[in-house]
Amino acid sequence: MQQERSMKYINPLEFLNEEIIFSILDCLNDDPEAKKAFSLVCKSFHCIESLHRKKLKPLCMELISRTIKRYPNVKDVDFTNCPRVEDAELIAVSDAYKGTLTSIDVSKSRLFTHVGLSSLAVKCSGLAELDLSNATELTDLAAAAIAVAKNLEKLSLARCKLISDMGIGCIAVGCKKLRVVCLKWCLRIGDLGINLIALKCKEIQVLDLSFLQITEKCLPYILKLQHLKELILMGCPGIDDEGLFTLEQGCKSLEILDIANCQNISHVGLSSLTNGSDHLRQLSLSYGHSVTMDLAKSLQHFPYLRSIKLDGCQVTSSGMKSIAECCTFLEELSLCKCAGVTDEGLSAIVQKQNGLQKLDITCCHKITFAAIDNITKTCYAITSLRMESCSLVPGEAFQLIGERCHNLVELDVTDNKINDEGLKSIARSLKLSILKLGICLSITDSGLSYIGKSCSQLTELDLYRCMGITDISIAAIASGCPALEMINMAYCDKVTNSSLISLSICSRLKTIEIRGCPRVCSVGLAAIARGCRQLTVIDIKKCHNIDDTGMLPLAQYSQNLKQINLSYCSVTDVGLLSLASICNLQNMTILHVSGLTPNGLVAAVLACRGLRKVKIHTCFKATLPEALLLHMEARGCIFHWRNKAFQAEVDPKGWQLHLER
């Protein structure tokens, strides 16, 4: 009898060995809440989860010492949620993970110096990835400290504006295994520093030199890198045709070249820069010289070219026809905001591009039905079509998209004349994941309901200012699109609480925008909070009927919330203070919240310890103590003061006038 009783209390989970449990935890890597629940099952699971965890992403620094003790085998430390990371924390990390650490990201942190970096470099011999982006106060001393990390393979110093050629020279000498280097906006680094990097770091595969004050003098050394695959020279005004003409040979291994915003490089300079780069696959010439016949002809030397980005360029008809002749195997073509794109030119290109998968013709105002007809007729494999504000395309053209493009994953028809028949046709695209319908005033519940019934893989839906949409079609979307992660219903003034209650079954929903929806109140918001536990961004600006009773469910259930806009809501000090229980909350916008007092604001921002940015009206500036502002700044929180006058709801007729123009 006693033996039978003891058998009843045997936990079968205890028979699982550590290896099996580790395999189970591997399946939960993308779901932190599931891992947390797993660790709470029993003491042994708590211990095993601690040993299994390889990545650490703390929300704040107050508990970092306890966190480090609990997780002894961490390889990847991500401090992007922590605006304040001082040397003491970096030293603690280097002491705890000297044998395991391979990657650390402090790109959104500050206050650390060369002292903390030196500790990491010296003690963590396996450190391979280091992201110091936005560390604007770091100097050459920090660069010298980094140079000790001899096994470093990936380094980002974007916007480290005080590091000079001397500092980058130290890194070049010490970190010879570098493969990926980002020096974007490092304004004190010139040709000398880049030459040293290229000479000493022979293994470099990716080099980002965007917006540097460099000239063609450093290019010969760069182009001799035998493993270089990606070179980014965006916004480098010192590089021009005259200097490039002196180059003898391009880089044979180069696959990706970005010279966007290089106004001084024409087809002549491009030919010199890419001479011998036969394996080039992606080329960005955005916001550069005009796309002429000569430029297009210079592309015929790249038989493997699959992607061309020409955003913002002046395009000629002859240039587009030449692209059609010279580049016949394109998979991606971006013509966003290109003046000069016509039906004739675009049709000439797409008729020879059966393998085209991504096409961006945003703001190409001259194209009509003819271009869409040719695109849909020949580009069978297209998965992404972006055509915002193509104002001359008639409604019937969108029916062709649905009839012929069955592989569509992304479709952006913002500010177009698409109607319900067009949506009915597009609903045939069963793989559709992203659909943007903002400012499409001709669509109603009838058309959108077809999307809800057929497009079960939809993850993002933008209905910004779709005035004909009501609760009926939102209910269809909620029931038919269980994978929905983002929905924008801003200024859909017919939407009510019923829509939010319907959407509350979408458990994966992360972003919801309902600004300017006057019929929504706290009841609907509470339903979203209870049902959508992964919510990270919410915009309820100008939802006047949302008050403190809506904030309390958010505080209780939306623990993943990072960003909220409460402007013009009826929230008071009590509601704002309740949000302090959300540990992840980083950004708040609270303009024209009449129920908020200076004392309530002070209490709330002090209690929300993870805050990094607060947008607030300037009328509060004189009422807040200077000591508070200094304290919040020291904590890593910045106040953005706005002097915006109180605005009533935007008149929808104004948008109709905008469309007619």
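Results, tabulated for the structure shown:
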{"read-out": "Residues residue 304 and residue 351, FRET efficiency given R0 of 22 Å [Cβ-Cβ distance, rounded to 0.05]", "value": "0.55"}
{"read-out": "Estimated FRET transfer efficiency when R0 is 56 angstrom, pair residue 377-residue 574 (beta carbons, to 0.05)", "value": "0.40"}
{"read-out": "Options 427, 376, 399, ranked by Cα towards positive dipole end of the stretch 360-449, top entry (Cβ charges)", "value": "376"}
{"read-out": "Estimated distance in nm for a label pair at residue 457 and residue 253, the labels positioned 7 Å out from Cα along Cα-to-Cβ", "value": "3.6"}
{"read-out": "Unit charges at the beta carbon, dipole of the stretch 221-276: most positive-side option, 256, 271, 244", "value": "256"}
{"read-out": "Cβ-Cβ FRET estimate between residue 66 and residue 641, R0 fixed at 35 Å, reported to 0.05", "value": "0.45"}
{"read-out": "Over the stretch 250-393, relative contact order from alpha-carbon pairs under 8 Å, at least 6 apart, %", "value": "17"}
{"read-out": "Distance between the stretch 316-361 and the stretch 449-528 - C-alpha centres, whole angstrom", "value": "36"}
{"read-out": "Those lysines that a straight Cα-Cα span of less than 30 Å connects to residue 224, excepting residues fewer than 8 apart in one chain", "value": "150, 154, 161, 176, 177, 184, 200, 202, 252, 297, 309"}
{"read-out": "Rounded D (µm²/s) - the stretch 319-374, Kirkwood Rh over Cα pairs, Stokes-Einstein at 10 °C, 1.306 mPa s", "value": "142"}
{"read-out": "The chain - accessible surface per residue (Å², probe 1.4 Å)", "value": "44"}
{"read-out": "Net charge, residue 261 excluded, C-beta distance under 15 Å - Lys, Arg +1, Asp, Glu -1", "value": "-1"}
{"read-out": "Amide N of the stretch 251-291 lying under 19 Å from the label point, which is placed 7 angstrom from the Cα of residue 365 along Cα→Cβ", "value": "287"}
{"read-out": "Net charge of Cβ neighbours under 14 Å - reference residue 159; Lys, Arg +1; Asp, Glu -1", "value": "+2"}
{"read-out": "Inter-probe distance in nm under a simple model that places probes 7 Å from Cα toward Cβ, at residue 27 and residue 403", "value": "4.6"}
{"read-out": "Rounded to 5, percent antiparallel among DSSP beta bridges of the chain", "value": "0"}
{"read-out": "Kirkwood Rh, Cα atoms: Rg over Rh of the chain", "value": "1.00"}
{"read-out": "Alpha-carbon centroids, the stretch 61-112 and the stretch 419-435: separation in whole Å", "value": "46"}
{"read-out": "Normalised contact order of the chain, rounded percent, pairs of Cα under 8 Å and 6 or more residues apart", "value": "4"}
{"read-out": "Whole-percent carbon and sulfur share, accessible surface of the stretch 247-303, 1.4 Å", "value": "46"}
{"read-out": "Neighbourhood net charge (11 Å Cβ-Cβ; Lys/Arg +1, Asp/Glu -1) for residue 173", "value": "+3"}
{"read-out": "Point-to-point label distance, residue 583-residue 115, nm (Cα→Cβ direction, 7 Å offset)", "value": "2.9"}
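The values are calculated or read from the model by the stated rules, or taken from the named source; none is laboratory data. If you're wondering where the values come from, they're calculated on a predicted model, not measured in any experiment. All Cβ positions, glycine included, derive from the backbone under ideal geometry; neighbour counts span all protein chains shown. Side chains are part of the model used for accessible areas, which takes the heavy atoms of the whole protein and leaves out ligands, DNA and RNA. Shrake-Rupley method; radii C 1.70, N 1.55, O 1.52, S 1.80 Å.
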